[in-house]
Structure formats: C-alpha cells, structure tokens
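Please read the structure below before turning to the comments.
The values are calculated or read from the model by the stated rules, or taken from the named source; none is laboratory data. This one's a predicted model, so the numbers in the text were calculated from it and none came from an experiment. With ideal geometry, Cβ positions are generated from the backbone for all residues, glycine too; neighbour counts draw on all protein chains shown. All accessible areas refer to the heavy atoms of the entire protein, side chains included, with ligands and DNA or RNA removed. Shrake-Rupley method; radii C 1.70, N 1.55, O 1.52, S 1.80 Å.
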Amino acid sequence: MSDQPRTRQELYDRIRQVGTEEFILEEMIRYGFWSAQGEMPQDPADEIRRAGEIRRELNELRQESRKLQDEKELRKRLLKQRLEESKRKRQETKERREQERRSRAEVWKQKQQQDIIYLGEDVSAGLNNTQGNEERLHSYNLPLCNNAEQIAAAMGITVGKLRFLAFDRKTSTVSHYIRFRMPKKTGGERIISAPMPNLKQAQHWILANILEKLELHDAAHGFRRDRSIVTNATPHVGADVIINFDLKDFFPSISYKRVKGLFHSFGYSEAAATIFGLVSTAAEVESLEIDGKTYYVAVDERHLPQGSPASPAITNLLCRRLDRRLTAMAEKLGFTYTRYADDLTFSASGDSLRHICNILKRTESIVTHEGFTINQEKTRILRKSRQQEVTGVVVNDKPNVDNKTLKRFRATLFQIEKDGLEGKHWGNANLIAAIAGFANFVAMVNPEKGAEFQQQVQRIKNKYVRNGRS
C-alpha cells in the first residue's frame, strides 16, 4: 500500500493513478471494512485489484502508444525539416551558381572589352604574352602598345573593332578588302586588294606611327619620301652595263609569320606583333553563294596584300638585310646597287664588268637565302650600245624618257588639241587623267620637256573640259 494522500491534489492524482474502485477498496481495507485478502468465493477484492492492474497496464500501453505516435510525428517533422533544409540548400546553391555565372560573364565581358584572347586557329597562341621590350621601343621612338587595349586606344577604336579587323577567318560572310585585277605593263594581271575604310584607317596608323619611324637602307628608293624612280635610276646613269632583276610574286611571298616577326623585332610583345601582323596581312579568297548568302573562303595563307597602305613600307623594312648584303656584295665587285620595290638594279663600268657572272650567281644565292625568288624571265643585261632603262627611266646619258614614247605622246596631244577628245586614247585610264599623269611623269624625269607637255595638257583642259565639251 502506498503512502496515503495528504493533500487534495495528491488524492486526485491517486484516484487517476489506480482508479476509483481500487481507491475505494484501498480505503475500505485501510479502515477495516474489508479483508486485505478476499476469502469468500464471491469476494470482489481480487477482481477490483485485477481490474486496477489491467487499467494500469492499459494506461502504460496507451502512454507507450502515445510515445510511439509522438515519435512518428517527430520523424515526420524531422523528415519535413530535412526536406525543407535540402530544398533551401539547393536553392541557395542554384542562386550561388547563377551569381557565379553572372560574375564570370561580367568578368569575361570586361576582359573582351579590354583584351583579345583569341583571333582564330593557329594565330592565337601568343596573345597572352603582353611583355614587350620597352627599352628597344623607346630607342626607335615607337608607341608603347603591347596589348590589345593599348593598341585600340592608340588607334582610336574599341577593342571589339580591333578584334573584328584582326580576326583570321577561314570562312566568313564579311570581307575587309575589295579585290580587282589590273593589267601589268609587262603583261599579265596584278591582283589589287584595296582595304575597306576601317581597316585602311588601322593600316594607316601602323604606317604613320610605326613603320615610317624606322630607318631604311639607303639602297631602297621605292615608297619613300624624297625618293622616286628617278632617284633609283640616277646612280646608274652612264654605266657600261645595267643588270635588272625582278623578284617574283613579291608581296604574296611575304607571309604573315614574317610580318609578325618583323613587328616582334622592333620590341613589341608577341600579342602586339600578332595583332599588327594580322591587321597588315590577308589571304586570297574565293566568294561562294549558298542559299542567297555570300561566303568568302580563304584559298591560301595570309600574306602582304598589294593595295594596303602599309605593305610597301613593310617590304622595305623586311628587305633591309637583303639590301645590306647586296650592297656589300656589289661594292666588293665594283658595282652600284639600288632597289625599287621588287626591281633590283646593278650597274658598272670598266674592269668591274668581268664580275657580271658573279653578280648573277651571288644575287640569286642571297635573294633565295632571304626568302625571295628571282623571276628569271625578267632578268636583263643591258649594255651601253642599246637603250638602258632602270624602272622605266632611260639612263644611257642622263635620266630621260624613251624617245619613241615621247614622240607618240606628243602626236597624241597634238591630235587632241586640234580635233578634240573623241576617239583618242592614252593608257587605260580616263583620257584627261592619263595624259596629265604622263606629262607629270615626264616632268619628273626631264623637267624641261615635262613643263612643255604640262602646258599643253592645261590648254586641252581649258579648251575641252572647262567649256563642258568632251
């Protein structure tokens, strides 16, 4: 028997614990109204006790059941919490990755605005190398442009436009050049690649700010200030023998790699040399039309285009060593050497003529070693007994123009002035432009004769052009 309840609350707790009937039984036994152990067959004490035990067992089972139910609920709540936590983490991960993607995209966008990391297959390997030789650049007084951002800023364009102009495309829907053919004086045709305005502007910048600041060999006369076909021909006036060589496919033979190497030799970083080399070169293309759209497909490797304002200056710089070697060889054998673009000229008199064979052999050897090829069909040896020409200028006694051509030109001007422009021809260009151009050419070679022709051309202009007659 447990301790008796001492307070009302303890009494209530005891009743709830054992049940009303068992509690009454306990009290009756405690007060002597009932025997502690039932002896009569019909004694209900055992039943009451048994019922109380059963109730207690039921209560314990109910409590256990509630605990089990509570545990299931707890597990459900925990599972729900875990699912919610997992969902929240997945969302956070998704948002973090999206933010990282946006950050990378922003970094990439900024990098594209400031740098160029790809310009096509086989030409992009050195674009991450922006370290140049600043001491050498300073010595040549060249602009310090060793990365894409600096080059674009110096040219006054965006990095995006610079990338567009320099990109090496094997197949493209865009062409930076207008290509056409022009007949050569000696026969055949010459492909002219005229750059579009944006590319031409970039090539002009390279010419003015880099190429024209570098010193050339004194033997070079083509495409230089204060030099001309006349200055090229004058050193050979009155020589006993003139030897003319022609370099075959001069511009196409100068590859992109050679041009890139040239800019690198000035002190520019590999990245800058790559960009300058790509802007200065181009591949020949064929146009194809597919589904109404025109595609330009490269058919050879990039090389110097004939028509770019930068190409002649690049050839002069690339030929500096060629000019040094040929000059040294010529002086050793008693010859004079000059070069106008792809025309090489040697001249000599007296005892030096015995070295003509040496000049022929050694020139071919040096030219081949420098990466060029002599056009054997155009090699000429001109003796004083016949008309000697150097780059179109007659040099037998003094710089002059071929007499037959002068007579023909004089006759043409006379006929035009007398009868008008109709039915008259000179050259392949517009008649007025053609006769004015040839008169200026004569004036450059022979100022006295040239002045006479210029005055006659002016009279023709006054008579037939200014009056609106053709």
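Once you have a ≥ b ≥ c as the square roots of the Cα gyration tensor eigenvalues for the range 401-466, tell me rounded if a/c is under 1.5, and otherwise prolate or oblate according to whether a/b is larger than b/c.
Since a/c reaches 1.5 and a/b is larger than b/c, the shape of the range 401-466 is classed as prolate.
Under a point-charge model restricted to the Cβ atoms of Lys and Arg (+1) and Asp and Glu (-1), what is the dipole moment magnitude of the chain relative to its Cα centre, in debye to the nearest 20?
It comes to approximately 2920 debye.
For the range 110-202, what does the alpha-carbon gyration tensor say about shape, rounded, prolate or oblate, given a ≥ b ≥ c as the root eigenvalues, a/c under 1.5 as rounded, and a/b over b/c as prolate?
It comes out prolate by the Cα gyration axes.
Quick check on packing: order 84-97, 161-174 by the mean number of other C-beta atoms within 10 Å, highest mean leading.
So the peptides 84-97, 161-174, ranked by packing, come out 161-174, 84-97.
Accessible area per residue, 1.4 Å probe, Å², for the range 260-405: what's the number?
That works out to 45 Å² for each residue.
Can you list residues whose amide H is under 5 Å from Leu344's amide H, if they're 5+ apart or on another chain and H is modeled 1.01 Å from N?
Residues meeting the amide H criterion: Phe245, Asp246, Leu247.
Simple spin-label model, 7 Å along Cα-to-Cβ: His217 to Leu61 in nm?
So the label points at His217 and Leu61 sit 11.6 nm apart.
Residues with amide H under 5 Å of Cys319's amide H, sequence separation 5 or more or different chain, H placed in the peptide plane at 1.01 Å from N; which?
Those lying under 5 Å, H to H, from Cys319: there are none.
What does the helix-only formula give at 222 nm for the chain: each DSSP H stretch with n ≥ 4 adding -39500 (n - 2.57), the total divided by the residues, and the result rounded to the nearest 500 deg cm²/dmol?
Value at 222 nm, helices only, nearest 500: -16000 deg cm²/dmol.
Using Cα-Cα distances under 8 Å and only pairs 6 or more residues apart, what relative contact order does the range 401-466 have, in percent?
30
Can you list residues from other chains, or at least 5 along the same chain, whose modelled amide H is less than 5 Å from the amide H of Asn400?
For Asn400, whose amide H was placed from the backbone, the distant partners under 5 Å are Val394.
If you average the sequence gap of Cα pairs under 8 Å that are 6 or more apart and divide by the length of the chain, what percent do you get for the contact order?
Relative contact order comes out at 14 percent.
Working out 0.36 nm times the residue gap between Ala434 and Glu10, then minus their Cα-Cα distance, what length gain in nm do you get to one decimal? Mind showing how you got there, number by number?
Values: separation 424, 0.36 × 424 = 152.64 nm, distance 13.22 nm.
This chain segment gains 139.4 nm when fully extended.
Would you list which aspartates and glutamates come within 15 Å of Lys404, measuring only between C-alpha atoms, while excluding same-chain residues fewer than 8 positions from it?
Within the straight-line cut-off, Lys404 pairs with Glu389.
If the cut-off is a Cα-Cα distance under 18 Å, which lysines reach Lys87, setting aside same-chain residues fewer than 8 apart in sequence?
Lys87 reaches Lys76.
Give me the distance in nm between label points sitting 7 Å out from Cα along the Cα-to-Cβ direction at Glu53 and Asn141, one decimal.
Using points 7 Å along Cα→Cβ, the separation is 12.1 nm.
Quick check: from the Cα gyration tensor, does the chain come out rounded (a/c under 1.5), prolate or oblate?
In terms of gyration-tensor shape, prolate.
Ignoring ligands, DNA and RNA, what percent of the accessible area of the chain is carbon or sulfur (1.4 Å)?
49
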